[in-house]
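Take a look at the structure below.
Just so you know, all these numbers are worked out from the coordinates, no wet-lab data involved. This one's a predicted model, so the numbers in the text were calculated from it and none came from an experiment. Here the Cβ positions follow ideal geometry from the backbone for every residue, glycine too, while neighbour counts run over all protein chains shown.
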Amino acid sequence: MSGEILEQLKARLLDLDMDGAVELAELVAGGDVRIADAVNAISEGLEVVGQRFQRGEWFLTELVYAGEIARETMDLLSPLMETASSGPLGTVVVGTVAGDLHDLGKDIFINYARSAGFKLIDLGVDVPAEGFVSAVKEHHPLALGMSCLLTTTDSEIGKVIEGLKRQNVRDKVKVIIGGAALTEQFAENAGADAFAPDAVTGTDIIRGWGAS
Amino acid sequence: MDFKERILTAINHEEPDRVPVMGLILDRATSDRVLGKKPADIGSMLSNPELRDEIKDYMNSSWNDMYYGSWADVLEAAIKLGFDANWTVYAFMQAVEDPESKLGLVLHDVFGRVWELGVDEDGNMMSSYVRGLCTTEEEWDAWVERKRPLYDKLIENVADYHKRLADNYGDRILPIGFAGSGVFENTWQPMGFVNFSKFVYQKPDFVEKVIDFQTDVYLKCLDAVMRSGVEVVLGGDDLSQKTGPFMHPELIERLFGDSYRRVSELVHKRNRKLIWHSCGNIYALLDKFVEWGFDGILTMEPTAGMDLGKVREQVGHKLVLVGNLDVSYLLVRGTQEEVEAAVKKAIRDAAKGGGYILSAAHSHRLVDPTRLKWMIEAAHKYGKYTS
Ligand code: B1M
């Protein structure tokens, strides 16, 4: 019975059926299926979502909506989880660099990483270098994420990394960057730890950091 | 051949005397550099609350003249650089105080978008869409009801504005009249993309209602652009991002296909040609563009993997191709040899038999007038049709 509910929960997520998924999560919350198993089922579902997106079968609308469904169901389940086991997978501070107002990529990354179990601190768009640095000092995150889509603002990434070094926190946080203006090579030159071509890969990368 | 014949010949997939060159939304910083103008220091003026009020009142009372003035500068700069044609666009906005915003003032457009004001390093005022004001169906209904009288005004303004530019500049450059952001952007941006994605699944009737409304306004705007005498019109929606379309092409078809077909039909009924702008990686949409009746496409962003030769191979001469010169390096810091090489490659890949107009893939404040000039000179030098 509980196996069937877990399979259904995953299937509702993959059918993009919000009502069905929420109903099942409520059933789990009030019943005798282990909360941790339900959370795992949602995570497995999200992995399939990510694969479909990376294979080009699903697009941003599906990715966003699947993230929303995962978030709604997790919102029901995680308060019950905390008493039983651990909290979020780790904290990630994210923002779009100074001068850049593009927010879709950042929001989608936040949405997806949050639904995968991370705690996300959203600094918004047009974030000055000092803003990133002080957020790292305040929240002690596992990772700092920067989104940057413009050639006119890509130098901001280097400024932030320099700022982290000056404040002696560079070695305490992993830096991940993404967005139209950036490449793997750019990340390497700027001294970031990783470049994420999309939100799914980005989440996989920070998951790897969390595990190590 | 003059600039007009050159563009129209290329658009008809015939070979003009040489490959035509078109300018886009030349950024204010770029046009100022071309014209040797210095920006007013709007940033510090806005930090003074009294001046901020005055600026707000001035913007609201003189919006049309102010907007016209900045685009007149763009056309002057484009003529000076030697472009055959240039994009022209009108937007209808109101300055509103917003203590949360960086400069204390933002712009609201008639569709329910907020545009944040900023100042670049040279002191130029910039504005960019940042969020929507209609995050629920109730908010959207209320917004449209409140703004209803302004939609007629918008259409009147669009016609006047494009006519004024065409009358004053049409003998020196071909204005390519843009009808403003398209139905896709006007639908999702006032609600935000995350809300839009949710509504697509949870409130499809609401999404359809918005699309119908936006299509109706868009067609009227487009007609107003054409009434001004503009011969080539530009439509546009950023349907893609770096790796591909925002939405599944079939979902785009289901939601927006009819709307796009109506846009093309109207343009063709008026005997005009329709060029469509979309940033991002658009390979998956090329066949749709043909199906919807577009005559051409503009941008083909190299940073999103768009290669002119491949596009030509996929669509043949079913679409006029405009664009493709990189603005992340080439037209910012590239050497003259690199710019010339890129122009030669673009011509080789797409210009045979006409149907290609050379242009940058986008605009921003670091796009350098000198590099634009090299691009135009290279088109003059290497773009001659010999047959
Ligand atoms: C933290 O860790 C991570 C991990 C992964 C991360 C990450 C962080 N950040 C991103 N990712 C990754 O995951 C996400 C999901 O998979 C992905 O995020 P993306 O952000 O890439 O993808 C989003 C989900 C969807 N993608 C997007 O939203 C960007 C799409 C394109 C078409 C785009 C859009 C939509 C817009 N724009 Co803009 N825009 C373009 C874009 C073309 C392109 N190639 O991307 C680009 C970025 N724009 C450009 C330009 C020039 C501009 N834009 C501008 C404005 C706008 C709009 C307002 C119209 C709109 C933004 C709406 C918004 N609120 O965000 C202006 C700048 C405004 C400003 N100051 O920021 C303006 C300067 C235009 C002008 N002259 O005014 C170009 C930049 C060129 C360059 N080399 O600098 C551009 C590449 C288009 C082009 N044809 O060249 C991954 O990159």
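Neighbours of B:Tyr169, meaning other residues whose beta-carbon lies under 13 angstrom from its beta-carbon, give a summed charge of 0 when Lys and Arg score +1 and Asp and Glu score -1. Excluding B:Asp160 itself, calculate the net charge of residues whose Cβ lies under 12 Å from the Cβ of B:Asp160, where each Lys or Arg counts +1 and each Asp or Glu counts -1. Combined, the nearby Lys, Arg, Asp and Glu give +1. Contact order, relative form, for chain A: 17 percent (alpha carbon pairs under 8 Å, 6 or more residues apart, mean separation divided by residue count). Rounded to the nearest 20 debye, the dipole size of chain B about its Cα centre is 1040 debye, using +1 on the Cβ of Lys and Arg and -1 on the Cβ of Asp and Glu. Each of A:Gly131, A:Gly117, A:Leu104 was placed along the dipole of region A:91-211 (beta-carbon charges, centred on the mean Cα), and the one lying farthest toward the positive end is A:Gly117.
Under 13 Å from a label point 7 Å along Cα→Cβ of B:Ala40: give me every residue in region B:103-131 with its amide N that close. Output list for this probe position: B:124-125. Taking every DSSP beta bridge that has both ends in chain B, the antiparallel portion is near 40%. Among residues other than B:Thr9 whose Cβ falls under 15 Å from its Cβ, what is the net charge (Lys/Arg +1, Asp/Glu -1)? That works out to -2. Along the axis of the charge dipole computed for the protein assembly as shown (Cβ charges of +1 for Lys and Arg, -1 for Asp and Glu, origin at the Cα centre), the listed residues A:Gln185, B:Met93, B:Leu251 are led at the positive end by A:Gln185. Scaled against the 2.2 N^0.38 Å expected of a compact globular protein of N residues, the Cα radius of gyration of the protein assembly as shown reads 1.00.
Axis of helix A:155-166 versus longest Cα principal axis of chain A: the two differ by about 90°, to the nearest ten degrees. Sequentially through region A:192-201, phi angles give Karplus couplings (6.51, -1.76, 1.60; θ = phi - 60°) of 7, 7, 7, 10, 10, x, 8, 5, 5, 4 Hz, Gly and Pro residues having no value and appearing as x. Placing +1 on each Lys and Arg Cβ and -1 on each Asp and Glu Cβ, with no other charges, gives region A:91-211 a dipole about its Cα centre of roughly 480 debye. Dividing the mean sequence gap of close Cα pairs (under 8 Å, 6+ apart) by how many residues region A:91-211 holds gives a relative contact order of 28 percent. The alpha-carbon of B:Lys384 sits under 29 angstrom from the alpha-carbons of these lysines, leaving out residues fewer than 8 places away in its chain: B:Lys4, B:Lys80, B:Lys273, B:Lys310, B:Lys318, B:Lys344, B:Lys345, B:Lys352, B:Lys373.
Here's the picture: charge each Lys and Arg Cβ at +1 and each Asp and Glu Cβ at -1 in the protein assembly as shown, and of B:Asn186, B:Ile275, A:Ala29 the one pushed furthest to the positive end of that dipole is B:Ile275. In straight-distance terms, cross-link reach from A:Lys172 covers every one of the lysines whose alpha-carbon lies under 27 Å from its own, apart from those fewer than eight places away in the same chain; here that gives A:Lys106, A:Lys119, A:Lys137, A:Lys159.
If you plug the beta carbon distance of B:Lys318 and A:Glu138 into 1/(1 + (r/R0)^6) with R0 = 45 Å, you get a FRET efficiency near 0.20.
Within the same chain, lysines fewer than 8 places from B:Lys147 are excluded, and of the rest, those with a Cα less than 20 Å from its Cα are B:Lys56, B:Lys209, B:Lys220.
Using just its DSSP H runs of length 4 or more, each adding -39500 (n - 2.57), chain B gives a mean residue ellipticity at 222 nm of -16000 deg cm²/dmol after division by all residues. Restricting to Cα pairs below 8 Å that are 6+ residues apart, what does the relative contact order work out to for region B:34-165? Please round to a whole percent. Rounded, it is 23 percent for region B:34-165.
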